[in-house]
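*Asks:* Below is a structure I'd like to ask you about.
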Amino acid sequence: MSWLSSFKLIMSDVISFRGKVKVTRWCNARPLNGKYETLHGRAIASISCRNFDICRHVPLKLLYIEAKIGIRSCEVVYLKDDVKVVLIGAGSLTFTPSLLKGLALSDMARDASLTISLVDINPEILEVMYKVGVKLIEALRRRGEAGELKIEKHVERKEALEGADFVIITIGVGGVKATHVDVEVPRRYGIEQTVGDTVGPGGIMRALRHVPVLLDIARDMEDLCPEAYMFNYSNPLTPLTRVVQRETKIKAYGLCTGVFGVKWYLAKYFNVRPDDVEIYVGGINHLYWIIDFSVKGEPGYQLIEKKLAKEGVPDRGEIAITLKLYRIFGLIPAPGGRHVAEFFPHLFMHEEAMKKYDIPRFPEGTIYDYKLREPFEKLLKGIASGERSVDELLKVKGLEEEGIGVVRLMEAIALDKRILFPGINVPNKGVIANLPSWGVVEVPAYVDATGVHPLNMGPLPKAIAGILTQRLAQYEITIDAALSGDRSLALQALLMDGYVRSIDIAERLLDDMLRAEQEWLPSCWFK
């Protein structure tokens, strides 16, 4: 049966479709010879293959079947006229305003019908963020800068998830209060953490709180928006992204702003603009390694060797952590001194080292510092109540930076604008050859309407691969503990972590932390 006769046989299979259709090659996602547009709610497409050139008004399902029957290397990409973004954890002080501004200024707000649904279990902070969002978008429209963006608010996430295209996660189970407990209880045992949201006792407890919730959200997505992308920003990012990839069929990816900070840091170090720096990283979130980079097109590692030959490696400060580890392992660790230091507690998380390398103690300099949060929280509440002007928020330096990464990703997928994204957390599957295939790794990726396509980064140096493999295994045990409420698994994760110096202390610490965080943990921990 020829492709043309197959086409005639299925002409009766008709469904309507509103939107754009693009025929692409399956192998490399580049446009096939053809065109696409929308006409009277039907897709009109020209397909060229095997000397056939047929142009007909055909519904979407029919066009898809044609392509599958007649062209073994073709698929259909849907470019939607409407895009729905759901933000779960909309009470995030800095991220939500940043995302709203980024979306309002995005091409999606100009080229599509864009809706953002804010979701938070705290109705008071949700109302504040909703009002801030409305006023922010109105102000940008008055300036002629913003496109069309509809804002919704929901306390119940299921109401928002139906029909979603993208789901962004920024939740904090237990809020800032729980994060302080993550650090303060271990501190009684002489254990210091500088951030406490990724590794260490704090990272473990945070995973125990968040893993079940992330999985519940993903299962709701399977029911209500199975084709949607999940972009997770919540920490500990690697295990939270991994549990969704492991236990569901949702397209889940982890995002962190750190990789953009690395470009800024290197630009400052070499006295150039961030756009002059190009980086290629590989590793896991908050401990990836710069495999290669360039500065104004020149090889970055050659430049840094010249600079170090002239200036030497500093003995003090957070930069000393980065450069000393580079000298030992051969690659620059990132995203920054305090995050990297937490992965080497025996080297840096003790009194002498923290003083030498100027490593701040939690919560200094973090988003969990009440002193830093209070002024911004007052500003947002003032804007919501009308006591302060939204112009004050728009003047905040770098407001859009925190959410700009995910906005670029969503534009690439929704509007088929192919980009190279510098760092996204994906299933490994051989991307880094000598790390476990099941692990989640942070690497660059091409992104377009066909999805996320990570670059093959090859193998890492053996020592680095060993460090990361052990950490991925510890994350896997932590996930198992979080899903089962098994204290023996939680104890294993704590002992693998490297922060606790004796089994007795680990057992007591675990009991104390579970007891202190009981209100935020599933009941299975206390049967």
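*Asks:* Looking only at segment 237-258, which residues are touching a strand residue (DSSP E or B) at 6+ places or on another chain (Cβ under 6 Å) and either under 16 Å from Val199 (Cα atoms) or of a type outside the set (S, T, N, Q) (or both)?
*Replies:* Once the filter is applied, which keeps residues that are touching a strand residue (DSSP E or B) at 6+ places or on another chain (Cβ under 6 Å) and either under 16 Å from Val199 (Cα atoms) or of a type outside the set (S, T, N, Q) (or both), segment 237-258 yields Leu237, Thr238, Leu240, Thr241, Arg242, Val244, Ile250, Lys251, Ala252, Tyr253, Gly254, Leu255.
*Asks:* When you check Gly144 against the structure, is it loosely packed, with under 14 Cβ neighbours inside 10 Å, in the same structural domain as Leu103 (by TED's automatic domain parsing) and of a type outside the set (Asp, Glu), yes or no?
*Replies:* Details: loosely packed, with under 14 Cβ neighbours inside 10 Å: yes; in the same structural domain as Leu103 (by TED's automatic domain parsing): yes; of a type outside the set (Asp, Glu): yes.
Answer is yes for this residue.
*Asks:* Further question on the same structure: Out of Tyr265, Tyr288, Tyr301, report the one residue that is in contact with a strand residue (DSSP E or B) (Cβ under 7 Å, 6 or more places away or on another chain), farther than 30 Å from Glu222 by Cα and among the hydroxyl-bearing types (Ser, Thr, Tyr). Let's see the steps before the verdict.
*Replies:* Numbers: Tyr265 fails: in contact with a strand residue (DSSP E or B) (Cβ under 7 Å, 6 or more places away or on another chain); Tyr301 fails: in contact with a strand residue (DSSP E or B) (Cβ under 7 Å, 6 or more places away or on another chain).
Answer to the check: Tyr288.
*Asks:* Might you check whether a residue that is at positive phi and within 23 Å of the chain's Cα centre (by Cα) occurs anywhere in segment 102-118?
*Replies:* No, that holds for no residue.
*Asks:* For segment 424-444, check the following and say yes or no: at least one residue is part of a strand (DSSP E or B), farther than 22 Å from Pro335 by Cβ and not β-branched (Val, Ile, Thr).
*Replies:* No, segment 424-444 has no match at all.
*Asks:* Further, regarding this structure: Assuming Val500 fulfils every condition listed in (1) in contact with a helix residue (DSSP H, G or I) (Cβ under 6 Å, 6 or more places away or on another chain); (2) assigned to a loop (DSSP other than H, G, I, E, B); (3) surrounded by fewer than 18 Cβ atoms within 10 Å (Cβ to Cβ) apart from one, which condition is it?
*Replies:* Among (1) in contact with a helix residue (DSSP H, G or I) (Cβ under 6 Å, 6 or more places away or on another chain); (2) assigned to a loop (DSSP other than H, G, I, E, B); (3) surrounded by fewer than 18 Cβ atoms within 10 Å (Cβ to Cβ), Val500 violates only (3).
*Asks:* Here are some residues: Arg187, Arg209. Which one is of a type in the set (Lys, Arg) and surrounded by fewer than 20 Cβ atoms within 10 Å (Cβ to Cβ)?
*Replies:* From the options Arg187, Arg209, the qualifying one is Arg187.
*Asks:* To continue, here is another question. I'd like to check something: does segment 312-333 contain any residue that is of a type in the set (A, V, I, L, M, F, W, C), at pLDDT 95 or above and farther than 26 Å from Tyr280 by Cα?
*Replies:* no
*Asks:* Related question: Kindly evaluate Gly439 against the criterion of being under 21 Å from Phe95 (Cβ atoms) and touching a helix residue (DSSP H, G or I) at 6+ places or on another chain (Cβ under 7 Å).
*Replies:* No: the conditions fail for Gly439.
*Asks:* Turning to a different aspect of this structure: With the structure loaded, tell me whether Glu162 is over 25 Å from Val390 (Cβ atoms) and assigned by TED's automatic domain parsing to the domain that holds Ile250 or whether it fails that test.
*Replies:* yes
*Asks:* Restricting to segment 347-371, what's the tally of residues that are farther than 19 Å from Ala465 by Cβ and assigned to a helix (DSSP H, G or I)? Break it down into steps so the answer makes sense when it comes.
*Replies:* Applying the first criterion (farther than 19 Å from Ala465 by Cβ) to segment 347-371 yields 348-371.
From what is left, the residues that are assigned to a helix (DSSP H, G or I) are 348, 351-356, 370-371.
Count: 9.
*Asks:* Among Ile151, Ile171, which is modelled with pLDDT of 95 or more, assigned to a strand (DSSP E or B) and on the phi < 0 side of the Ramachandran plot?
*Replies:* From the options Ile151, Ile171, the qualifying one is Ile151.
*Asks:* Kindly list the number of the only condition in (1) in a loop (DSSP other than H, G, I, E, B); (2) within 26 Å of the chain's Cα centre (by Cα) that fails for Asp315.
*Replies:* Just one mismatch for Asp315, condition (2).
*Asks:* With respect to Gly258, determine if the residue is under 30 Å from Trp438 (Cα atoms), modelled with pLDDT under 95 and either among the small types (Gly, Ala, Ser) or touching a His at 6+ places or on another chain (Cβ under 9 Å) (or both).
*Replies:* So Gly258 fits the description; yes.
*Asks:* Consider only pairs whose beta carbons are under 9 Å apart and that are at least six residues apart or on different chains; among these, list those whose first residue lies in segment 116-134 and is touching a residue at least 12 places away in the same chain (Cβ under 8 Å) and closer than 17 Å to Gly403 by Cβ and whose second residue is in a helix (DSSP H, G or I) and among the aromatic types (Phe, Trp, Tyr).
*Replies:* Leu118/Tyr130
*Asks:* Looking at (1) out of contact with any Ser or Thr (no Cβ under 7 Å at 6 or more places or on another chain); (2) in a helix (DSSP H, G or I); (3) closer than 19 Å to Ser389 by Cα, which is the one condition that is false for Arg110?
*Replies:* (3)
*Asks:* While we're here: Take segment 304-334 and flag every residue that is surrounded by 14 or more Cβ atoms within 10 Å (Cβ to Cβ) and among the β-branched types (Val, Ile, Thr).
*Replies:* Ile304, Ile319, Ile321, Thr322, Ile332
*Asks:* Given the structure, is Glu192 of a type outside the set (S, T, N, Q), part of a loop (DSSP other than H, G, I, E, B), closer than 30 Å to Gly163 by Cβ and assigned by TED's automatic domain parsing to the domain that holds Ile168?
*Replies:* Criteria not met by Glu192.
The values are calculated or read from the model by the stated rules, or taken from the named source; none is laboratory data. The structure displayed is predicted, hence computed values, not measured ones. Glycine also receives a Cβ, built like all others from the backbone with ideal geometry; neighbour counts cover every protein chain displayed.
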